[in-house]
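First up is the structure itself, then whatever we jot down about it.
What follows is calculated from the coordinates using simple rules that are stated; it is not laboratory data. Because the structure is predicted, anything quoted here is derived from the model rather than measured. Cβ placement follows ideal geometry from the backbone for every residue including glycine, while neighbour counts extend to all protein chains displayed.
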Amino acid sequence: MNQPPLTAPFRIGDLEIANRVLLAPLAGIGNWFVRLQARRHGAGLAVSEMVSSFGLHYRNERTMRELLRIHPSEHPVSIQLFGHDPDVMASGAAVVAEAGADLIDINMGCPVRKVRKAGAGAELLRRPGLAVALARAAGEGSGLPVTVKLRSGLKPGDCSGVDLAVRLVEEAQVSGIALHPRSAAVQHKGDPDYGLVRQLVDRLEGSGAPVIVSGGLATAEVARRAYRESAAHAVMIARGALGNPWIFEELTGRRAAPPTDDEIVRELLWTLDRAERHLGPRRAAHYARKFYPWYLERLGVTGSEADAFQRTEDLDQARSLLREVVEAPALAA
Ligand SMILES: Cc1cc2nc3c(=O)[nH]c(=O)nc-3n(C[C@H](O)[C@H](O)[C@H](O)COP(=O)(O)O)c2cc1C
């Protein structure tokens with residue numbers, strides 16, 4: 001097969017995506033500024049962290065204010081929903097459309113117990129009829145193209161996710177599938193089976209629904225290899241993008257060299273400023289602790305120097321700590 005380069009545009013439903021390198025949904029991380037960061041660095045599309053369809057249906061204040069916040073410069077953007085009730089999914093999807101999203105993704109892969117216990121996430125692999133109804137409801141409620149992200153199966157060797165993906169396209173007119181070819185049982189460990197993605201690509205040939213490969217894409221090199229091996233239409237970067245938005249530049253041919261220390265520091269400072277804007281100074285200081293290790297490791301700051309950032313109570317303290325441990329022009333101000 002003659003596979004287009006990752007820089008070639010492709011379509012999800014009626015939406016044109018500028019290239020084939022996407023930011024994966026990341027719970028607790030993939031808010032507007034993390035998505036905006038990925039887009040600034042060249043990602044064709046960024047998908048939000050998962051948002052509860054119930055939270056949207058009931059217009060939960062925090063869900064609306066924080067999880068549904070969309071920055072005007074991040075389009076196209078996909079908002080990922082999870083849930084188990086088609087009526088609530090339709091209503092939540094309508095709220096997402098109203099907020100200005102371009103696409104809706106439905107989470108059918110989350111292995112977390114709390115989500116599965118409620119009958120959502122990977123649990124939907126056990127109830128394909130309900131999964132189809134949910135995807136259909138999201139499309140009807142929103143009028144937007146719907147994609148689904150799912151696992152290959154519940155346990156190693158189980159390929160029910162591939163069968164479900166085909167049903168979702170055929171019966172619910174889903175516009176694209178992101179397949180993470182690890183079973184829910186192994187969570188995020190072990191080698192993904194890109195052969196299963198290839199099988200899905202073959203089975204969906206001619207349907208018009210692109211297949212997006214997720215899983216194990218830690219570096220640009222591995223992502224390129226997985227793209228070829230899986231014959232997918234696009235790649236979705238998850239942990240490989242944490243503290244490394246430059247991976248999108250590498251994969252879209254905009255850079256070959258690793259970022260300089262100054263670029264890394266600038267990026268961290270950019271993130272801290274956005275976190276402050278998003279959550280206010282107090283909550284941002286706590287939230288930012290998640291982000292420090294990703295950037296500090298790249299700067300070679302480890303051990304007790306890195307640990308000190310986990311004890312910072314405000315962002316200015318973190319900024320001055322950064323000044324103490326790295327020398328970068330970005331910190332001169
Ligand atoms: C911290 C974290 C949060 C995640 N949150 C979501 C989520 O909200 N929705 C989803 O579909 N997948 C989620 N995933 C799965 C990723 O999107 C991706 O499929 C998975 O990490 C495999 O890719 P990787 O091995 O390249 O990291 C999450 C993964 C991680 C590590």
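Values for this structure:
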| read-out | value |
| --- | --- |
| Restricting the stretch 149-205 to trypsin sites (Lys or Arg not before Pro) in coil, as DSSP defines it, with at most 16 other Cβ within 10 Å | Lys189 |
| Cross-link reach list, lysines versus Lys155, counting only Cα pairs under 28 Å and skipping chain neighbours closer than eight places | Lys114, Lys117, Lys189 |
| Cα-projected label distance for Glu98 with Asp316, points at 7 Å along beta-carbon direction, nm | 4.0 nm |
| Alpha carbon convex hull of the stretch 261-331, volume per residue in cubic angstrom | 68 Å³ |
| Residue (of Ile106, Ala306, Val186) at the positive-pole extreme of the chain, dipole from beta-carbon charges | Val186 |
| Under the Karplus curve 6.51 cos²θ - 1.76 cosθ + 1.60, θ = phi - 60°, whole-Hz ³J(HN,Hα) for the stretch 128-140, x wherever Gly or Pro sits | x, x, 5, 4, 5, 5, 5, 5, 4, 4, 4, x, 5 |
| Under DSSP loop assignment and at most 14 Cβ neighbours within 10 Å, longest GluC sites (Glu not before Pro)-free interval of the chain | 1-204 |
| Those aspartates and glutamates that a straight Cα-Cα span of less than 12 Å connects to Lys290, excepting residues fewer than 8 apart in one chain | Asp307 |
| Computed magnitude of the charge dipole of the chain (debye, nearest 20; Cβ of K, R +1, Cβ of D, E -1) | 580 debye |
| Under Karplus coefficients 6.51, -1.76 and 1.60, residue-wise ³J(HN,Hα) of the stretch 162-175 in Hz, glycine/proline x | 5, 4, 5, 4, 5, 4, 4, 6, 6, 9, 10, 6, 5, 8 |
| Residue-wise HN-Hα coupling along the stretch 292-309, computed from phi with Karplus coefficients 6.51, -1.76, 1.60 (Hz; x: Gly, Pro) | 3, x, 4, 7, 5, 4, 5, 8, x, 9, 9, x, 5, 5, 6, 4, 4, 5 |
| Fraction of antiparallel bridges per DSSP, the chain only, in percent to nearest 5 | 10 percent |
| Residues with amide H under 5 Å from that of Gly176, placed H, sequence gap 5 or more | Val148 |
